[in-house]
Structures are given as structure tokens and as C-alpha cells.
Amino acid sequence: MTAVNLLELDREALAAFCEQLGEKPFRATQLFRWIHQRGASDFDDMTDLAKSLRQKLAGRACIAPMGVVSEQASADGTIKWLFDVGGGNAVETVFIPEDDRGTLCVSSQAGCAVGCRFCSTGHQGFSRNLSTGEIIAQLWFAEHQLRKRFNSPEGQRVGLTDDKRVITNVVMMGMGEPLQNYSALVPALRMMLDDHGYGLSRRRVTVSTSGVVPMIERLRDDCPVALAVSLHAPNDALRNDLVPLNRKYPLHELLAACRSYLAAAPRDFITFEYCMLDGVNDTDACAHELLALVAPHGVVHGREGVSGISCKFNLIPFNPFPASGLKRSPNERVMAFARILQDGGVVTTVRKTRGDDIDAACGQLAGEVQDRTRAHERMTRAPVQVHRIGSPAARAIEAGRAPESVAPHESEA
Ligand code: SF4
């Protein structure tokens with residue numbers, strides 16, 4: 001009989017498992033607390049469980065975290081772990097400490113099938129979904145590693161003590177599109193929120209999606225944590241190119257899903273992530289177009305806002321990698337773009353680059369993936385086609401023509 005890995009089970013599933021063993025449901029809560037709050041991986045350490053139960057568990061269950069392939073620490077305190085998920089695949093998890101919080105960026109898939117142009121994970125293609133246990137194992141490992149580390153004399157010296165939480169926030173922004181791995185994701189989120197597990201508030205757990213519209217609606221009903229949407233473009237023509245999923249779920253559907261998400265959590269807001277790409281999506285015109293999309297009062301700069309979404313923008317300086325063919329927007333451009341959004345009444349932040357020396361930017365992680373989608377091959381064969389706003393090729397896309405149909409004299413040079 002294969003031993004069940006208890007990291008795979010949220011508390012409800014653990015109660016069902018305990019019942020199968022002939023145990024009372026409260027045993028599941030005890031067990032859950034040992035695993036997730038105390039980081040136990042050996043049943044013999046669970047001293048308040050009856051010996052007979054520990055013996056039963058030893059034969060039928062295990063607590064099996066993932067193997068750590070490597071750990072890299074940045075000069076700014078960011079830590080990146082590479083975890084082995086078998087079959088030649090690895091996923092990355094990144095811890096980002098700040099003055100008032102510690103954020104863990106967690107992966108949901110080995111690779112990603114969405115294929116965003118600016119994302120190195122997207123260029124690698126997709127291998128497989130992570131299981132619930134593999135998602136939660138990233139938090140389990142980081143939480144207990146960091147606790148041990150910060151309770152050391154060195155941790156005390158920098159003011160981190162047992163009563164101070166090291167991981168205060170979790171963002172599902174590592175490798176993968178979490179909403180394309182929904183059935184594994186939701187139990188993992190519940191374990192993060194569970195008071196007998198990690199006890200994080202739902203505003204401190206963020207799911208970041210490139211826009212899987214039907215699953216945004218399901219998440220609203222099943223587990224409405226904070227939602228971040230990778231927007232990256234103010235119109236369908238450009239977004240189709242940068243985030244290919246937009247061809248299936250265009251902006252008007254995506255924004256309607258955001259509005260409906262907020263209807264279930266009216267005190268919340270959507271974070272729109274926007275990767276700043278030099279000469280591609282960073283013009284003043286793009287900023288005004290974005291404002292028109294989310295305008296709370298219906299009209300911005302003479303254009304009708306279609307959504308009135310309570311939101312904030314997070315501008316992300318692009319982390320260049322050779323295969324993308326894209327460049328990071330200059331700082332002055334990012335600041336000018338941010339100013340337009342702020343002047344339009346939308347809270348806008350610029351993400352600090354962290355862990356640059358260990359290549360740790362969330363969503364642009366560089367693990368090795370056994371690509372089952374041949375995305376790398378496709379993207380290598382078809383070099384990045386990003387067209388400047390208003391260029392002939394961009395106008396061709398807007399008019400519903402393929403950009404290749406642009407006559408040579410209309411070239412963007
Ligand atoms: S940005 Fe996110 S959704 Fe897009 S390819 Fe990268 S991991 Fe996938």
C-alpha cells in the first residue's frame with residue numbers, strides 16, 4: 001500500500017482519512033497542527049497523539065516534503081529555493097523580506113502553458129501541474145526553515161523572535177498559472193487560511209492570474225482571497241500579443257469577471273500587474289487608455305470608462321532575458337507612466353526590484369522544465385513580434401488583419 005502524503009490533505013480531507021483509520025475527527029486537527037504549525041515530519045515527535053495512532057499512521061501515511069535542489073540568498077535578504085518535483089523538473093519559491101512584511105512567492109505548475117512574451121517561464125513551456133501537497137510544501141518548508149533560522153542568535157540580533165511572523169503574505173505568482181491548476185490550488189489556499197494551519201488572513205493570500213475568466217468566477221465563490229490580474233496592456237490588440245490567453249478571454253470579459261469578483265468582496269480591490277516594456281506598452285497613450293478601462297466615474301480624459309473597478313496598479317520593471325527580445329522601460333518612463341495613473345485617481349506603486357543578483361523576480365523564474373507543449377521551440381522558431389502602438393503592424397492587428405499582411409513599405413523600422 002502506498003503511504004498517503006499528509007501534506008496533500010486539507011483539514012477536511014485529513015478528517016476523512018482519520019475516520020478511515022477509525023479515529024475521531026479531532027485527531028485530524030491535532031495532526032494538522034503538528035504538521036503545519038510545528039513543522040513535524042516524524043509521527044514519533046507528535047507526543048500528544050496516542051501511541052496506537054502513531055503506529056497506524058507510520059504504516060499508512062507520511063509527511064513527504066520536496067527535495068531542495070539549491071538555495072540562493074541575495075544581498076538584499078531575498079532567498080530563492082529550487083525544489084525537485086521529479087521527472088527532471090524543478091520549481092522555484094522566493095522569500096522577499098521587507099520592513100513590515102515577509103512575502104513568499106509560490107509556484108503552482110512546473111512551467112506554464114500561457115506563454116506570455118515577457119516571461120521566462122512562459123518561454124520554457126509547460127510540463128505538469130503541481131499537486132496540493134507540492135504547493136503547500138513550499139510554504140511548509142519556507143515557514144519552518146525561516147523560523148529556525150530567525151530564532152538562531154543571528155535572527156535574534158536582527159530582531160526576529162518567535163512571536164514575530166516571518167512569512168506574513170503568500171502570493172501565487174511563481175511559476176505557472178494558478179487558475180489552470182484550480183483543483184489543487186483551492187485546498188492549498190484553504191490550508192494557508194486555516195487557523196489550525198498557517199492562519200493567514202484572506203487579504204494576505206493573493207492569487208495572481210493572467211485572466212482565466214471562468215475560474216476567477218469560481219474562486220470568488222469557493223475561496224475569495226486577494227486577486228491580482230496580470231494586465232500588461234490597455235487594449236486587446238496588444239494584450240493578444242503579450243498575453244496570448246487574451247484571445248480566449250478578451251479584456252471586456254476579464255474586467256467583467258473582476259467586477260463580479262469584487263461584488264462578493266466589496267471592501268477589496270484588484271491589483272493590476274503591469275510589466276513595463278520599453279516602447280511597447282509604456283507610452284502616455286497606454287496610461288490614458290488604462291485609466292479609461294478602470295475609471296471609477298465613467299469618464300476619463302473624455303473617454304468612457306467601462307468598468308469602474310476598485311483597483312490599484314503595480315508597475316513591474318521588466319527583468320530582461322535574451323529570448324524575449326524585449327527591453328526594460330527606463331526609470332523616468334516608468335515614473336511618468338505612474339504619474340498619469342495617479343493623477344487619474346488610481347493608486348499606483350512601482351515594484352522594487354529584489355534579488356536581482358539571484359534572478360529572483362516572481363513570474364520570471366528560470367527553472368528547467370521538461371516542456372510538453374514545445375513552447376520553447378515555437379517561440380524560438382517564431383521570434384517575438386511586438387509592435388509599437390500605432391505602428392502599421394499594430395494597426396493591422398486592430399483591423400483584424402494578420403501583422404504579416406502589412407506591406408513591406410509599411411515596416412516599423
Ligand atoms: S506571466 Fe504567469 S501566466 Fe504568463 S507565462 Fe509567466 S507564469 Fe505563465
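Miscellaneous remarks
- With a threshold of 22 Å on the Cα-Cα distance, the over-threshold entries among LYS312/LYS352; LYS24/LYS51; LYS24/LYS148 are LYS24/LYS148.
- Footprinting exposure proxy ranking of ARG218, ARG267, ARG165, fewest other C-beta atoms within 10 angstrom first, gives ARG267, ARG218, ARG165.
- The fewest-to-most ranking of SER107, SER324 by surrounding Cβ atoms within 10 Å reads SER324, SER107.
- Unit charges at the beta carbon, dipole of the stretch 77-214: most positive-side option, GLY102, THR78, THR206: THR206
- In Hz, Karplus ³J(HN,Hα) per residue of the stretch 325-330 (6.51, -1.76, 1.60; θ = phi - 60°; x = Gly, Pro): x, 10, 10, 6, 5, x
- Fewest-first ordering of TYR274, TYR198 by other beta carbons within 10 Å of each residue's beta carbon gives TYR198, TYR274.
- Overall form of the stretch 4-62 per C-alpha gyration tensor (a/c, 1.5; a/b vs b/c): rounded
- Here the dipole of the stretch 94-253 is about 140 debye; that uses its Cα centre as origin and unit charges on the Cβ of Lys and Arg (positive) and Asp and Glu (negative).
Computed from the coordinates by the stated procedures, all read-outs in this text should not be read as laboratory data. All figures in this text were calculated on a predicted structure; none of them were measured in a lab. All Cβ positions, glycine included, derive from the backbone under ideal geometry; neighbour counts span all protein chains shown.
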